Amino acid sequence: MKNDLHASAGQLGLVFAAGGVGAICSALFMGQRGHPGRDVTLMYSAWTVATLAVAGYGLATASWQLMVACLLFNALETAGTIIWATMKQRHVPASMLGRVSSLDWLISIGLLPLSFALTAPIAGLVGARATLIGAAAIGGVITLGALFLPGMRDLEGSEVAAESDRLALGGDRPLLRPSAFVDARS
């Protein structure tokens, strides 16, 4: 902001505020819309486009462009995270939810120290803008690629998903046998 765009701290604050507005609007939209039918596909699509939006930081030549990139990134990241958190609550047995959430966080942030260690040297070699654009491109390809891993979308349209949705909407008794869900003892 300061060195490349000659922008003020106030303008940086507006960039961050735009991200907050994007996240809030996304949360409100997702709350009104309800859980999507093809949740895994929509989640990974949102996360892919959010990752690609990081390129906006590298391509921006004005602070308003950074605001758009930040708004878009935070809105899409929030939408994907809401879908993911809802899926965990619906499909992970309560007895395993803590362990699954812990593993989720470990996987999600476990490589951050490596990222921090590599970012500065790479930016020193190729520049900050190229690093942001490259990170967006590589991250976007990897995120989209995860959607095509075997079994990734098996939950969409499955009997387990339909049952979870029915119970979440106030169904009185499960149609599936308890053994249809992953059991902590197995």
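The values are calculated or read from the model by the stated rules, or taken from the named source; none is laboratory data. Computed from a predicted model, the values in this text were never measured in an experiment. Counting neighbours? That spans all protein chains shown, and the Cβs are built from the backbone with ideal geometry, glycine included.
Summary of values
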{"item": "SER164 being small (Gly, Ala, Ser), within 23 Å of ALA50 (Cα to Cα) and modelled with pLDDT under 90", "result": "no"}
{"item": "Residue match in the range 89-107 (condition: β-branched (Val, Ile, Thr), assigned to a helix (DSSP H, G or I) and farther than 23 Å from LEU5 by Cβ)", "result": "yes"}
{"item": "Pairs with Cβ under 7 Å, 6+ apart, first in the range 48-71 and farther than 16 Å from LEU12 by Cα, second among the acidic types (Asp, Glu)", "result": "ALA50/GLU77"}
{"item": "Test set (1) loosely packed, with under 15 Cβ neighbours inside 10 Å; (2) at negative phi; (3) part of a loop (DSSP other than H, G, I, E, B); (4) at pLDDT below 90 - GLY157 fails condition number", "result": "(2)"}
{"item": "ALA62 vs. criteria of a type in the set (A, V, I, L, M), loosely packed, with under 15 Cβ neighbours inside 10 Å and touching a Leu at 6+ places or on another chain (Cβ under 9 Å)", "result": "yes"}
{"item": "Residue within the range 24-39 that is among the charged types (D, E, K, R) and under 17 Å from the mean Cα position of the chain (by Cα) present", "result": "yes"}
{"item": "Some residue of the range 96-103 being loosely packed, with under 11 Cβ neighbours inside 10 Å, modelled with pLDDT of 85 or more and either under 19 Å from the mean Cα position of the chain (by Cα) or closer than 24 Å to LEU42 by Cβ (or both)", "result": "yes"}
{"item": "Index of the failed condition, LEU71 passing every other in (1) more than 20 Å from MET1 (Cα to Cα); (2) surrounded by 21 or more Cβ atoms within 10 Å (Cβ to Cβ)", "result": "(1)"}
{"item": "Residue list for the range 19-76, filter: among the β-branched types (Val, Ile, Thr), part of a helix (DSSP H, G or I) and either farther than 17 Å from ALA146 by Cα or in contact with a helix residue (DSSP H, G or I) (Cβ under 8 Å, 6 or more places away or on another chain) (or both)", "result": "VAL21, ILE24, VAL40, THR48, VAL49, THR51, VAL68"}
{"item": "Given (1) among the aliphatic types (A, V, I, L, M); (2) closer than 19 Å to THR131 by Cβ; (3) at pLDDT 95 or above, index of the condition LEU5 fails", "result": "(3)"}
